[in-house]
């Protein structure tokens, strides 16, 4: 049995309409997945940048031990992944630093000898130059045993300390006025 010309056009139109609806549905689904993926990627990148900005690794000078140290002063843990010594990068096993934690050496290298440090989030910290500035700006601390004690210092006539001599004279303290 043969279809009339009008019936063939209707059946053909239904088939074309079904193909168009399927194509539009597939296109819509693909676009929604792409949108979800790009939103997730943007969110992850924004979180990464936020963490990178609050990461705070600083160089400090310990004048008691006469060496520089690296201190994580940020609120999040960080990892040191690369160091630069003499203009050459050296990859190191990641060294984890929790907040308020410090280190004085990385592997066999003291912090004083490291030019730069790179964290796992890509922050670069100049260590050697900062350390040299801190060494010059901070006076060396003296052990407490070399300081004179405050025992009865007001009644002492003379305290000698090496080549420096400091003289204290005791005076009677009388009130200037009585209320």
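Scanning the range 63-75 for residues that are touching a strand residue (DSSP E or B) at 6+ places or on another chain (Cβ under 8 Å) and either in contact (Cβ under 8 Å) with a residue 40 or more places away in the chain or in a strand (DSSP E or B) (or both) gives 67, 68, 69, 70, 71, 72. Residues in the range 65-81 that are surrounded by fewer than 17 Cβ atoms within 10 Å (Cβ to Cβ) and over 14 Å from the mean Cα position of the chain (by Cα) were compared, and the one that is modelled with the highest pLDDT is 67. Note on the range 51-62: residues that are assigned to a strand (DSSP E or B), farther than 15 Å from residue 98 by Cβ and under 8 Å from the mean Cα position of the chain (by Cα) total 0. Residue 13 - would you say it is more than 30 Å from residue 123 (Cα to Cα), surrounded by 10 or more Cβ atoms within 10 Å (Cβ to Cβ), modelled with pLDDT under 95 and outside the structural domain of residue 121 (by TED's automatic domain parsing)? Taking the combined requirement at face value, the residue satisfies it.
There is at least one residue in the range 40-50 that is in contact (Cβ under 8 Å) with a residue 24 or more places away in the chain and part of a helix (DSSP H, G or I). Would you point out the residue of the range 107-126, among those that are part of a loop (DSSP other than H, G, I, E, B) and more than 13 Å from the chain's Cα centre (by Cα), that is surrounded by the fewest Cβ atoms within 10 Å (Cβ to Cβ)? The qualifying residue surrounded by the fewest Cβ atoms within 10 Å (Cβ to Cβ) is 108. The residue of the range 86-106 that is farthest from residue 64 (Cα to Cα), among those that are out of contact with any strand residue (DSSP E or B) (no Cβ under 7 Å at 6 or more places or on another chain) and part of a loop (DSSP other than H, G, I, E, B), is 87.
The values are calculated or read from the model by the stated rules, or taken from the named source; none is laboratory data. Only a predicted model underlies this, so the values are computations on that prediction, with no experimental measurement involved. Reconstructed Cβ throughout: ideal geometry from the backbone, glycine too, with neighbour counts over all protein chains shown.
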